[in-house]
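One structure below.
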There are 2 protein chains.
Amino acid sequence: MKIGIIGSGAVAQTLGAKLFELGHDVVLGTRDPSKLDEKKNMAGTLREWLAGVTKTGKLGGKAKVATFQEAAAHGELLINATHGQASVDALNLAAADKVGPKVLIDTANELDFSKGRPPGALASQDNCLAERIQGAFPNLKVVKTLNTIGAPVMVAPQALAGGEHTVFVSGNDTAAKAAVAELLKSFGWKDVLDLGDISSARGPEMYLAMWIRLWGATGTGMVNIKVVR
Amino acid sequence: MKIGIIGSGAVAQTLGAKLFELGHDVVLGTRDPSKLDEKKNMAGTLREWLAGVTKTGKLGGKAKVATFQEAAAHGELLINATHGQASVDALNLAAADKVGPKVLIDTANELDFSKGRPPGALASQDNCLAERIQGAFPNLKVVKTLNTIGAPVMVAPQALAGGEHTVFVSGNDTAAKAAVAELLKSFGWKDVLDLGDISSARGPEMYLAMWIRLWGATGTGMVNIKVVR
């Protein structure tokens with residue numbers, strides 16, 4: 001599948017590498033594609049990323065770095081992997097309103113590091129990023145997922161507790177959620193829980209405040225929750 | 001142990017009954033103790049509660065209904081089981097500032113039912129009930145716990161997934177958290193995770209937005225999370 005990733009940090013690089021490994025045709029969109037040697041927050045440079053992913057390719061995957069707009073035009077499926085505060089701006093730069101009715105996986109969280117650590121989780125009953133993105137880009141089929149775990153767990157759920165834990169999907173379009181669930185299963189996810197329409201993304205977004213404390217209490221980002229029912 | 005419960009709804013009645021069953025001396029505090037025949041939201045009347053609990057007592061437990069103030073004076077350990085929006089007011093009526101350095105278990109959540117269901121979870125980075133209670137009653141040793149599950153699961157964790165799931169404690173006083181963890185273990189909890197100081201209660205309070213969606217998605221309040229790490 002052709003996949004366009006909006007963003008180039010740790011989440012974008014991790015998802016992009018996994019999708020390449022699985023044989024997808026990935027364009028990773030960044031604000032300035034000429035800056036291939038800029039060190040990314042919590043991740044390496046994009047030149048290193050390009051060199052690294054091509055080592056893993058056995059299934060004919062493709063990987064390229066381009067602009068936000070090229071990534072959005074390229075993908076049959078889009079992924080928002082920017083910082084939450086930058087997401088709507090990045091999607092505007094990507095001209096995401098002009099790409100038609102594509103599925104957009106939204107993985108982003110709004111975190112406030114201005115008052116030190118642990119960061120504040122800015123989601124609330126009245127501030128849900130996924131709802132805001134869906135409102136700003138009504139052509140897109142937004143599916144919130146993967147925002148509740150760290151990047152290494154996103155693409156390797158079996159590396160934690162044998163994969164016996166849960167990932168969530170929220171969105172208004174049932175077919176879009178089903179397609180995203182398939183992709184998640186190809187990453188190794190066994191328990192994909194559909195929380196409901198896009199407003200249900202308030203749940204996983206506000207949960208970030210809990211995840212931040214779980215990281216603090218356990219001392220590792222290799223942590224998640226299993227929904228027992 | 002002498003335990004004073006502030007509140008008389010479903011959570012208060014459920015915790016009170018379990019504590020009685022375990023042999024504790026429970027005073028359940030309510031706004032107007034003369035209204036023994038008033039039907040409580042999601043629970044029966046206090047007259048029914050008194051009649052019901054006494055059937056379970058094999059360990060010498062005691063149960064009484066009294067005012068908020070009598071409950072707060074009675075307990076060596078206090079429990080806030082009011083609605084979150086009413087908690088500070090109820091603790092003021094209980095004269096909780098004049099009872100000395102008691103441990104207060106805070107189980108409350110601020111939920112907004114004014115816009116229909118599912119209710120809004122009002123906790124946010126800037127609105128944490130447990131922090132507000134600790135600030136208003138600096139004499140108390142506030143421990144946030146049990147707010148992340150429904151009342152039936154609080155006192156019978158083994159009824160769900162064999163008890164293989166997690167409950168959280170947050171608070172500034174280590175000894176208070178240890179005492180509360182002991183009480184939780186007497187309920188059957190196996191995994192009591194200390195999240196940190198009282199500010200870490202933002203995690204479980206904001207998590208309520210997720211719990212509300214888990215209830216919606218699974219169709220049952222018999223649902224919780226197991227932290228895998």
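Within the option set B:Gly100, B:Gly116, B:Gly120, B:Gly75, being at pLDDT 95 or above and within 14 Å of chain A (Cβ to nearest Cβ) holds for one residue only, B:Gly120.
The residue that is farthest from the other protein chains (Cβ to nearest Cβ), counting only those in segment A:161-186 that are closer than 18 Å to A:Val223 by Cβ and open to solvent by 10 Å² or more (accessible area, probe 1.4 Å), is A:Gly162. Selection over segment B:214-229 of residues that are in contact with a Pro (Cβ under 9 Å, 6 or more places away or on another chain) and either open to solvent by 30 Å² or more (accessible area, probe 1.4 Å) or facing another protein chain (nearest Cβ under 8 Å) (or both) gives a count of 4.
When the residues of segment B:87-106 are filtered to those that are open to solvent by less than 10 Å² (accessible area, probe 1.4 Å) and not small (Gly, Ala, Ser), which remaining residue is nearest to B:Ala201 (Cα to Cα)? Per the stated criteria, the residue is B:Asp106.
Can you tell me which residues in segment B:187-213 are in a helix (DSSP H, G or I), crowded, with 22+ Cβ neighbours inside 10 Å and either at positive phi or of a type outside the set (D, E, K, R) (or both)?
B:Ile198, B:Ser200, B:Ala201, B:Gly203, B:Pro204, B:Met206, B:Tyr207, B:Leu208, B:Ala209, B:Met210, B:Trp211, B:Ile212
Screening segment B:1-86 for helices (runs of 4 or more DSSP H) wholly inside it with 1 or more residues that are of a type in the set (Val, Ile, Thr), farther than 15 Å from B:Ala108 by Cβ and open to solvent by 40 Å² or more (accessible area, probe 1.4 Å) returns the ranges B:46-56. Taking the criterion of being of a type outside the set (Val, Ile, Thr) and on the phi > 0 side of the Ramachandran plot, would at least one residue in segment A:69-88 satisfy it? Among the residues of segment A:69-88, not one is of a type outside the set (Val, Ile, Thr) and on the phi > 0 side of the Ramachandran plot, which makes the answer no. For segment A:160-218, a residue qualifies if it is among the aromatic types (Phe, Trp, Tyr) and under 18 Å from the mean Cα position of the chain (by Cα), and the qualifying residues are A:Phe168, A:Phe187, A:Trp189, A:Tyr207, A:Trp211.
Filtered by the rule that a residue be within 13 Å of chain B (Cβ to nearest Cβ) and open to solvent by 30 Å² or more (accessible area, probe 1.4 Å), segment A:123-138 gives A:Gln125, A:Asp126, A:Asn127, A:Glu131.
Among the residues of segment A:187-212, those identified as without any contact (Cβ under 8 Å) to a residue 60 or more places away in the chain and either among the hydroxyl-bearing types (Ser, Thr, Tyr) or at the interface with another protein chain (Cβ under 8 Å from one of its Cβ atoms) (or both) are A:Leu193, A:Asp194, A:Leu195, A:Gly196, A:Ser200, A:Gly203, A:Tyr207, A:Met210. Of the residues making up segment B:148-160, those that are open to solvent by less than 10 Å² (accessible area, probe 1.4 Å) and either part of a strand (DSSP E or B) or not hydrophobic (A, V, I, L, M, F, W, C) (or both) are B:Thr148, B:Pro157. Checking each residue in segment B:87-118 for being in a loop (DSSP other than H, G, I, E, B), under 27 Å from B:Arg213 (Cα atoms) and of a type outside the set (Phe, Trp, Tyr) picks out B:Thr107, B:Ala108, B:Asn109, B:Glu110, B:Ser114, B:Lys115, B:Gly116, B:Arg117, B:Pro118. Somewhere in segment A:150-157, is a residue within 7 Å of chain B (Cβ to nearest Cβ) and either among the polar types (S, T, N, Q) or over 21 Å from A:Lys2 (Cα atoms) (or both)? No, because not a single residue in segment A:150-157 is within 7 Å of chain B (Cβ to nearest Cβ) and either among the polar types (S, T, N, Q) or over 21 Å from A:Lys2 (Cα atoms) (or both).
The values are calculated or read from the model by the stated rules, or taken from the named source; none is laboratory data. This structure is a prediction, so every number in the text was calculated from the model and none was measured. Because the Cβ atoms are built from the backbone with ideal geometry, glycine has one as well, and the counts that use them run over all protein chains shown. Heavy atoms of the whole protein, side chains included, go into the accessibility calculation; ligands, DNA and RNA do not. Shrake-Rupley method; radii C 1.70, N 1.55, O 1.52, S 1.80 Å.
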